[in-house]
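The values are calculated or read from the model by the stated rules, or taken from the named source; none is laboratory data. Because the structure is a prediction, the values reported are computed rather than measured. Glycine also receives a Cβ, built like all others from the backbone with ideal geometry; neighbour counts cover every protein chain displayed. For accessibility, only protein heavy atoms count, side chains too; no ligands or nucleic acids. Shrake-Rupley method; radii C 1.70, N 1.55, O 1.52, S 1.80 Å.
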Amino acid sequence: MKAAVITLSDRASSGVYEDLSGPALIEVLQQGIVSLTVEYGLVPDEKDAILSEYKRFSDCDLIVTTGGTGLGPRDITPDVTADYCDRSVPGISQYLIGESLKITVNAALSRIYAGTHGQTLIINLPGSVKAARECGQMICKIAPHAVKMIAGEGH
Ligand code: MTE
């Protein structure tokens, strides 16, 4: 499976602090999904930058983002993704939010989104290292089967 992890953060992308969430997410996905190759992107919370990353990685089976899902004025990731996707996959967001609510009530503050664009499954996760790790582990349980289904392969 070919994947991309994109961190969406104004401050990490401008060097105010180091991006730790993207690398943590990559580590979790590589540990949990066999034969996975992962590319990496880091961009600010800007619509054009996000879309350009989605296009750069359009040959990937899976794109997972971290950051920009909250309620802050610059948190636009799910809105940009929903516009870009052909289909939403509400079951994936419900699963991730449901499992996250068992860990922290603050999961209610994340607008986790999942959808498909062509043959690519795109999932938007919250931005903290903790949330990226937790949700990354959840994704490992469903992404291989989801990607097979999107490709039109059988069970
Ligand atoms: N989900 C999980 N699994 N674990 C977490 O620690 N943190 C929450 C939430 N979802 C959290 C989580 C918090 S504190 C916030 S504010 C929101 O994600 C939004 O995060 P974002 O704006 O960085 O995307």
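Looking at (1) in a helix (DSSP H, G or I); (2) free of Cβ contacts under 8 Å to residues at least 12 places away in the same chain, which is the only condition PRO144 fails?
Unmet for PRO144, out of (1) in a helix (DSSP H, G or I); (2) free of Cβ contacts under 8 Å to residues at least 12 places away in the same chain: (2).
Could you grab the pairs with beta carbons closer than 8 Å, sequence gap of 6+ or different chains, first residue in the range 56-73 and under 21 Å from ILE142 (Cα atoms) and touching a residue at least 60 places away in the same chain (Cβ under 8 Å), second one in a loop (DSSP other than H, G, I, E, B) and within 16 Å of the ligand (Cβ to nearest atom)?
That search, which allows pairs on different chains as well, returns THR66/PRO126; THR66/GLY127; GLY67/SER9; GLY67/ASP45; GLY67/PRO126; GLY67/GLY127.
Would you check if ASP48 is open to solvent by 90 Å² or more (accessible area, probe 1.4 Å), modelled with pLDDT of 95 or more and among the acidic types (Asp, Glu)?
yes
Pull up the range 127-146, narrow it to residues that are touching a strand residue (DSSP E or B) at 6+ places or on another chain (Cβ under 7 Å) and open to solvent by 20 Å² or more (accessible area, probe 1.4 Å), then point me to the one that is farthest from the ligand (Cβ to nearest atom).
Looking at residues that are touching a strand residue (DSSP E or B) at 6+ places or on another chain (Cβ under 7 Å) and open to solvent by 20 Å² or more (accessible area, probe 1.4 Å), I get ALA146.
Conditions: (1) in contact (Cβ under 8 Å) with a residue 24 or more places away in the chain; (2) within 14 Å of the ligand (Cβ to nearest atom). GLN94 meets all but one. Number of the miss?
Checking GLN94 against (1) in contact (Cβ under 8 Å) with a residue 24 or more places away in the chain; (2) within 14 Å of the ligand (Cβ to nearest atom), the one that fails is (1).
Out of everything in the range 76-90 that is of a type outside the set (Lys, Arg) and not in a helix (DSSP H, G or I), what residue ends up being nearest to LEU109 (Cα to Cα)?
By that ranking, first place goes to ILE76.
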